[in-house]
Amino acid sequence: MISTLPQISRPQRWDIPFGETMAEADVERLLTIKPFSTVDPTRFPATIPFRGILLNDTRVRSFAAGDIIVREGDYGNSAFFVLSGKIRVVLDSLPAEVLGRRESQKKGFFESLSQLWRRPAYPEVRHRAGAKDASGTESRAVKARVTEGSNVRIFLQDVPRVLAKNRTAQIEPGELFGEIAALGRSPRTATVIAEGAAELVEIRWQGLRELRKYAPEWKAHIDKLYRERSLGTHLRETPLLDNVSDADLLAVAEHTHFESFGDFDWNTSYRAVREASAQERLGKEPVIAREGDYPNGLVLIRSGFARLSRKYNHGERTMRYLGKGEVFGLAELLCNFKYDDPIGLQFSLRAIGYVDVLIIPAPIVEKFIAPRFSEGEIAKMREKIQREAHISVEHEAAATFDPEMIEFLVEERYVNGTATMLIDLDRCTRCDDCVRACAASHDNNPKFIRHGRVQNNIMVANACMHCVDPVCMIGCPTGAIHRDSIGGQVVINDLTCIGCATCANSCPYDNIQMVEIRDEQGQFIVDQATQTPILKATKCDLCVDQLGGPACVRACPHDALIRADMREVDQLSRWLNR
């Protein structure tokens with residue numbers, strides 16, 4: 001019997017190449033240029049051939065004088081190799097308006113008060129006249145140009161002045177940059193611009209990962225760059241190494257391994273994974289270290305989140321989660337150094353989404369870290385391990401969270417939030433004062449929806465969580481969505497938002513909305529070319545320009561609402577158990 005069900009071919013990784021105009025001729029050209037010409041294609045599997053990576057995971061891009069190639073603070077998913085031209089790294093931080101970002105300015109008391117009677121009569125009102133910045137003057141420091149089809153590129157108008165006023169360094173042809181941010185999903189640490197006409201190869205992270213995996217010379221080069229540019233900084237930020245001498249830190253860095261676990265593009269499959277059973281979800285999380293194994297190194301979380309779990313019946317129970325800067329396996333390592341009867345790891349560590357880790361081998365831990373702990377401190381660690389071995393998993397998990405609550409927060413990836421909106425439904429009277437306060441602070445446009453998933457009568461509302469790992473930023477063609485400052489609130493520059501919906505589609509929590517904008521008379525503003533409504537992205541900005549902080553929290557009359565940093569486990573636990 002012939003099936004009448006609709007049939008399609010299974011989607012493949014390279015169905016949509018990185019560069020639409022990339023052709024075989026471009027691949028042949030790259031194969032004549034080092035380091036592409038030194039790669040042994042026989043090392044690559046047949047399913048991921050080297051030529052296929054060049055054809056589908058790279059693109060050759062041309063830049064004109066003043067084009068911003070990468071921008072400090074942006075989250076990128078690609079690295080760049082310079083073929084020709086003059087490229088400059090601006091070592092000083094450039095002002096927000098120069099980079100096309102929204103300037104952060106707090107409203108004064110009377111300006112905040114006037115919001116109550118100056119609100120527009122219609123939602124999402126914009127001025128149709130020339131683009132104005134916060135002070136009411138047209139911004140001319142940065143402009144956008146459309147190139148290569150649908151690509152939008154930000155460029156500086158006065159490159160000589162920018163270069164003259166700031167410290168810069170030149171990147172020569174044959175050099176690679178942006179690889180650390182691409183592989184680690186960390187903010188760009190500097191702005192890079194084209195001083196004149198330039199040609200670069202852009203390599204998206206998937207291709208960069210495969211090159212690092214199958215081409216030893218690429219792995220060695222990328223690892224060397226990381227050791228030179230960032231590893232020392234990451235190790236120095238670790239409290240266990242904060243007083244180590246520069247010479248000893250260099251020795252630690254030379255022996256430290258770095259590994260990545262999970263799917264960098266985790267947000268694209270997140271919605272499907274969240275509907276799977278708990279056992280299926282756990283099975284999709286790569287194991288970094290397994291309970292019972294002998295520890296051979298100290299694990300430092302460099303970026304992302306990891307699940308700490310223990311065996312429970314026929315599965316595992318989540319005890320807590322670890323984030324950037326936290327360590328795993330220290331107590332077990334120190335006890336094994338001190339005592340003759342070795343113990344295994346007390347927990348399993350699994351990647352939630354995507355995690356970068358640094359692994360310091362056990363002998364290096366013994367030489368440089370163990371001496372910092374006294375015999376008494378190590379003895380207490382051993383006693384704690386022995387005591388906890390006889391405590392039930394339920395009891396141990398409940399010491400910080402209700403076991404079901406921590407499972408919920410981890411499974412739904414809410415641990416990603418630095419300002420997650422939690423509403424205690426036992427206290428909430430549905431008065432909507434929080435929504436009205438948000439609207440009053442944003443020109444009659446509430447920036448969140450009092451709706452969301454619920455666990456134990458705690459709702460996680462559909463409001464931007466200002467994530468540690470803000471995947472919404474990746475792919476924004478103009479950088480309109482950005483952090484107010486590195487490590488700060490995620491905001492949108494309405495002037496440079498082109499309404500492409502990349503951020504809204506990337507947000508795994510449905511916390512970004514696309515809205516049709518109006519003029520002062522309430523009429524929709526349409527595109528001159530297509531006569532379709534102009535869309536803009538909108539979301540919670542955490543009241544970044546308000547004197548008192550988030551209006552929603554201040555307005556709640558029943559203390560039912562909190563904007564919680566999910567990294568502050570103790571504070572969150574106190575609020576949940578108050």
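The values are calculated or read from the model by the stated rules, or taken from the named source; none is laboratory data. Bear in mind that the values here come from a model prediction, so they are computed numbers and not experimental data. All Cβ positions, even for glycine, are placed from backbone atoms using ideal geometry, and neighbour counts span all protein chains on display. Just the protein is used for accessible areas: all its heavy atoms, side chains included, with ligands, DNA and RNA removed. Shrake-Rupley method; radii C 1.70, N 1.55, O 1.52, S 1.80 Å.
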Handout entry: Gap separating the Cα centres of the range 459-502 and the range 287-315, nearest whole Å
Key = 31 Å
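Viscosity 1.567 mPa s, temperature 4 °C: what is the translational diffusion coefficient of the chain from Stokes-Einstein with a Kirkwood Rh over Cα pairs, rounded to a whole number of µm²/s?
Values: Rh = 26.4 Å.
It diffuses with D of about 49 µm²/s by this estimate.
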Problem - Size of charge dipole - the range 207-259 - debye, nearest 20, with Cβ of Lys, Arg +1 and Asp, Glu -1, no other charges - result: 300 debye
Completion exercise
Filtering trypsin sites (Lys or Arg not before Pro) in the range 428-458 by DSSP loop and by at most 16 other Cβ atoms within 10 Å leaves Arg430
Exercise for the section: Considering the options Val553, Gln521, Cys507, tell which one lies farthest towards the positive end of the dipole of the range 486-577, charges being +1 on Lys and Arg and -1 on Asp and Glu at the Cβ, about the Cα centre. Expected result: Val553
Exercise for the section: Calculate, for Ala46 and Ala272, the FRET efficiency according to 1/(1 + (r/R0)^6) with r their C-beta to C-beta distance and R0 35 Å; round to the nearest 0.05. Expected result: 0.80
Exercise for the section: Starting from the Cα of Leu163, move 7 Å in the Cα-to-Cβ direction to define the label point; list residues of the range 189-215 whose amide nitrogen is under 19 Å from there. Expected result: 190-200
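Loop-only trypsin sites (Lys or Arg not before Pro) in the range 267-365, please: DSSP not H, G, I, E or B, and at most 16 other Cβ atoms within 10 Å.
For trypsin sites (Lys or Arg not before Pro) across the range 267-365 that sit outside H, G, I, E and B with at most 16 neighbouring Cβ atoms in 10 Å, the list reads Lys284, Arg290.
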Exercise for the section: Taking the Cα atoms of the range 429-503, report the difference between the largest and smallest coordinate on each principal axis, in whole Å and largest first. Expected result: 41, 30, 23
Practice task
Would you compute, for the Cα atoms of the range 429-578, the largest minus smallest coordinate along each principal axis and list the three values in descending order, in whole Å?
Solution key: 56, 33, 30
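For the range 163-285, what is the convex hull volume of the alpha-carbon atoms per residue, in Å³? Please report the intermediate quantities before stating the final value.
Numbers: hull volume 23.7 nm³, N = 123.
Expressed per residue, the convex hull around the Cα atoms of the range 163-285 is 192 Å³.
Can you work out the accessible area per residue across the range 408-535, with the rest of the protein chains kept in place, probe 1.4 Å, in square angstrom? It would help to have the intermediate numbers written out before the result.
Numbers: 5070 Å² over 128 residues.
That works out to 40 Å² per residue.
How big is the charge dipole of the range 461-562 about its Cα centre, in debye rounded to the nearest 20, if each Lys and Arg gets +1 on its Cβ and each Asp and Glu gets -1 on its Cβ? Working shown, then result.
On the way: 5 positive and 11 negative charges, 27 e Å.
For this selection, approximately 120 debye.
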Handout entry: Relative intensity, log₁₀ I(q)/I(0), of the range 250-358 from a Debye sum that treats every alpha carbon as a point, q = 0.10, 0.12, 0.22 Å⁻¹
Key = -0.32, -0.45, -1.26
Exercise for the section: Go through the range 241-329 and name the GluC sites (Glu not before Pro) that are in a DSSP coil and have 14 or fewer other Cβ atoms within 10 Å of their Cβ. Expected result: Glu275
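Quick one: pull the percent of accessible area on the chain belonging to carbon and sulfur, 1.4 Å probe, ligands and nucleic acids left out.
After summing per-atom areas, the C and S share lands at 52 percent.
Using a simple charge model, +1 on the beta-carbon of Lys and Arg, -1 on the beta-carbon of Asp and Glu, nothing else, what dipole does the chain show about its Cα centre, in debye to the nearest 20? It would help to have the intermediate numbers written out before the result.
Details: 74 positive and 79 negative charges, 169 e Å.
Charge dipole, the chain, about its Cα centre: 820 debye, nearest 20.
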